[in-house]
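Quick notes on the structure that follows.
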Amino acid sequence: MEWLNILVQGSLLGGIYALFAIGLSMSFGIMRLVNIAHGDLIVLSAYVALVVTDSTGLDPFSSLIVVVPIMFALGYVIQRGLLNLTLSGGLLPPLLVTFGISVIIQNALLAIFGAYTQRLKGGAIETASVHIPGGISVGVYPLLVFAVAVLSIGTLQILFYRTRLGRAFRAVSDDADTAELMGIDNRNLYALALGIAMIFTAIAGVLFAIRTIFDPAAGPIRLILAFEAVIIGGLGSIWGTLVGGMVLGIAQAVGSKLDPTWQILAGHVAFLFILIVRPNGLFPRTRD
Amino acid sequence: MEAERVERGTRASRVVAYSAVPLLAALVSLPWWSDAGTMRLVAEMAYYVALAQLWNLLAGYAGLVSVGQQAYVGLGAYALFYLTGAQNMHVYSALLIAGLFSGLIAIPVSFAVFRLRGAYFAVGTWVVSEIFALSASLINVLGGGSGLSLTPDIMREIAIDRSDRDLILYLLSLAISVGVFAVVYLLLRSRQGLALTAIRDSEAASASLGVNTFRTKFIIYLVTAACTGLVGGLIFLQKLRLSPEAGFSVNDWTVVVIFMVVIGGIGTLEGPLIGMLVYILLRELLADYGTIYLILMGALAIAIMLKAPSGIWGWVTQRYDVQLFPVGRRLALAPAEKPQ
C-alpha cells in the first residue's frame, strides 16, 4: 500500500512536469527549436502573475486572464523578431539566441525584483486533501494541476488534429519547405506556435509558483525537468510528454522515499537510465 | 618558373609569432612591476581564455555544442580539494590527477550523452553536470552542500610566504593557459586537426571521405574534459573555497564562456581571445551596475549570432585576409601570377 501511495503521489507530481514540458515539446515538434530560455519564461510568467496579483488584488488563478495574453504576445514577438532569423543557420544560432534570452531574463528579473524568494498565494486549496480508495490521501492541489495538464494536452490534441491551424502546424512540422510552397506563411505560423506554447508555459508558471517558492535563478532547473519529461516521453509526442512527466515524478517520489535529499537526483538518474536503454524515449514520433 | 605552393604561415602570423615573445615576457614579469589586483585580473583572463579555447575546440571544431563543461570544472576542483584534504596529497600532483580524473569520468559520460544529437546533446550534458552537483552536495566526505576549503597547511606547500604564493599561482595560471592554447593549436595542426576542420565544415562530407567522425569527436571530448578539469582545479586553487553551486555553476563556467567564443568568433583560434577581452572590458567598465554587463553580453551575443555569425574575428578576416595563428593551409601564388 505504501508503494501504491508513492506511485499515486509521484504520478500527480508528474502533472506539473508535464505542464512544464508542453511548451518545450511544442516548439520542438513544430520548429525543431530547443528553447533554452523555456525555464526562464516559466519563471517570468510567475513574476508577471506576482505583479498582477499585487497590483490588482486578483487571486493567482484569475491573474491568468492577464498573464496568458502577455505571455502569448511575448512568445509571438520573440519568435517573429528573433528566432525566425535563426531557422536556416544550423544548430548553434537558435541555441545561442535562446541562451542569450535566458541570461537576459534572469538578470533583468534579478535587477528588478532582487534575489529574494517569492511565492503566489493560492488560498485554502493549497493544503486541502481528499481520500481516494485504497486508503490513500491526495492533495487537492496536485490533483488540480494534474487535471490541468491532462486538459491542456487534450486541448492540444484537438488543436492539432481537428482544426485548420493544427493541420498547418503538422504540415510545417513534416516538411516546412513544401508547406510554404502550398501557401502557408511559415514565419507567422512559427510565431503563433511559440505564442500558443507560451500560453501553456504561463499556466505552468502560475501553477508552479503557487506551490513552490521561486527566485530569478529558478528557471534552469525547470528547463531541465521539462527537457527530461520530453525526452523520456519521446520527441514530438504530446501524450508521451504526460507519461514522461509522470515517470519523472514517480522516480522522484521513489528517490525521496529512500532518502528525502535524493528526490531530484533520482529523477535525473532515471532520465539518464532511460536515455541509455531507450535513446528515443518511450513513444518517439518526430524524427530529428 | 616557380609554381603555386601551399603554405601555412602568413605575414600577420609571423608578426604575431615575433610579438608573442615580448608580450609573454611582459606578462611573466608583471608581478614585478604591477599590483596584486592586476595580477588577479590577468590570472582570471588566463583561465577564462583557456576555458573559452577548450569550448571552442569542442563546439567550433568538433560540433559538440556542450552546455555541461562546468561538470569538468567542478570535478577537477573537487578532485583537487579531496586529494589534498582527505588524502594529504601534494598540491601539484593533486592538480595533475584532477585533470586526468576529469578525462577519465568523461568516458562513461560520453556513452550517455553521445546518444543525443544537436541541441539535445547540449541539454543532456547540462543534466550530467546537475547530477554531479547534486551528488557532490550529498557526499559527506566532499563537505555536502556547504563544500570544502583548502587549509592553510595545503597552501603552505606551494610557498610559505603569501606574496610568493600569489606569484607562483599567477605564473601557474599563465603556464596552464599557454599550455592549453598550445595543446589546441598543435591538435588543430595535426592530422586530427585536419579531420576536425573537415567535420566543422561538413560532417556528412568528411564522413564520406573516410574521416572517422565518432572517434575524432570522442578524442576531442576526452581531451577537453581533462584540460577543463585541470583548469577547474587551478581556478579553485586560487579561490580556496569550493561549493557545489560554485564548482558546477553553469553561468560562470559555461554561459559566459560560450558568449566569449561566439562574440569573438567561433571556429577560430583568435575568437576566444578577443571574446574574453570583450567580456573583461564590459565587466570592468560596468562593475558599478550589478549584472547589467551580463545582460549586455547576452544581447551582444544574440546580435552577433544574427547579424555576423562568424563573430568579431570572422568579420575581420572577411575584410582583411589575415590569420594570426596559422592552422589552415593557403595557396600562395608565385609573384608573377598574383592577381591584380
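Just so it is clear, none of the values below were taken in a lab; they were calculated from the coordinates. Please read all numbers here as calculations on a predicted model, not as lab measurements. With ideal geometry, Cβ positions are generated from the backbone for all residues, glycine too; neighbour counts draw on all protein chains shown.
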- Item | Listed residue (B:Leu240, B:Asn251, A:His38) projecting farthest to the positive dipole end of the protein assembly as shown, Cβ model | A:His38
- Note on the structure: Taking N as the number of residues in segment B:136-278, the ratio of its alpha carbon radius of gyration to 2.2 N^0.38 Å works out to 1.29
- Taking the Cβ of B:Leu142 as the centre, find all other residues whose Cβ is under 14 Å away and add up their charges (Lys, Arg: +1; Asp, Glu: -1). 0
- Message: Placing unit charges on C-beta atoms (Lys and Arg positive, Asp and Glu negative, everything else neutral), compute the dipole magnitude of the protein assembly as shown about its Cα centre in debye, rounded to 20.
- Response: 1060
- Top positive-direction residue, dipole computed over segment B:5-333 with Cβ charges, set B:Thr151, B:Val109, B:Ser173: B:Val109
- Task: Just add up the charged neighbours of B:Leu172: K/R +1, D/E -1, any other residue whose Cβ is under 11 Å from the Cβ of B:Leu172.
- Result: 0
- Computed about the Cα centre, the charge dipole of segment B:130-242 from +1 Lys/Arg and -1 Asp/Glu charges at the Cβ has a magnitude in debye, to the nearest 20, of 260
- Note on the structure: Any aspartates and glutamates whose Cα falls less than 13 Å from that of A:Lys257, other than same-chain ones fewer than 8 residues away, would be A:Glu2
- Most mobile of B:Leu277, B:Leu41, B:Leu269 in a GNM of chain B (Cα contacts under 10 Å): B:Leu41
- Can you name the helices of chain A, as whole DSSP H runs, whose Cα span along the helix axis is 20 Å or more and whose Kyte-Doolittle mean is not below -1.0? A:2-31, A:38-56, A:60-81, A:92-113, A:140-162, A:186-211, A:219-233, A:238-258, A:263-277
- Query: So what is the relative contact order for chain B, in percent, with contacts set as C-alpha pairs under 8 Å and at least six apart?
  - Reply: 32
- Message: Nothing charged except the Cβ atoms of Lys and Arg (+1) and of Asp and Glu (-1): what's the magnitude of the dipole of segment B:148-197 about its Cα centre? Round to the nearest 20 debye.
- Response: 360
- Note on the structure: Of the candidates A:Phe146, A:Phe227, A:Ile264, the farthest towards the positive dipole end of segment A:146-278 (Lys/Arg Cβ +1, Asp/Glu Cβ -1, centred on the Cα centre) is A:Phe146
- Query: P(r) tail for chain A, what percent of Cα pairs lie past 33 Å?
  - Reply: 20
- Distribution of pairwise C-alpha distances over segment B:5-333, 10 Å bins, in %: 6, 25, 34, 25, 9, 1, 0
- Task: Choose one answer from B:Ala98, B:Ala52, B:Ala287: the residue with the largest mean-square fluctuation in a GNM of chain B with alpha-carbon springs under 10 Å.
- Result: B:Ala287
- GNM, chain B, Cα, under 10 Å: largest mean-square fluctuation among B:Gly103, B:Gly229, B:Gly145? B:Gly145
- Can you give me the three principal axis dimensions of segment B:79-207 from its C-alpha atoms, in Å, biggest first? 57, 36, 19
- Message: So if I take the centroid of the Cα atoms in segment A:56-76 and the same for segment B:63-122, what is the distance between those two points in Å?
- Response: 43
- Return the calculated 222 nm mean residue ellipticity for the protein assembly as shown, to the nearest 500 deg cm²/dmol, obtained by summing -39500 (n - 2.57) across DSSP H runs with n ≥ 4 and dividing by the residue count. -23500 deg cm²/dmol
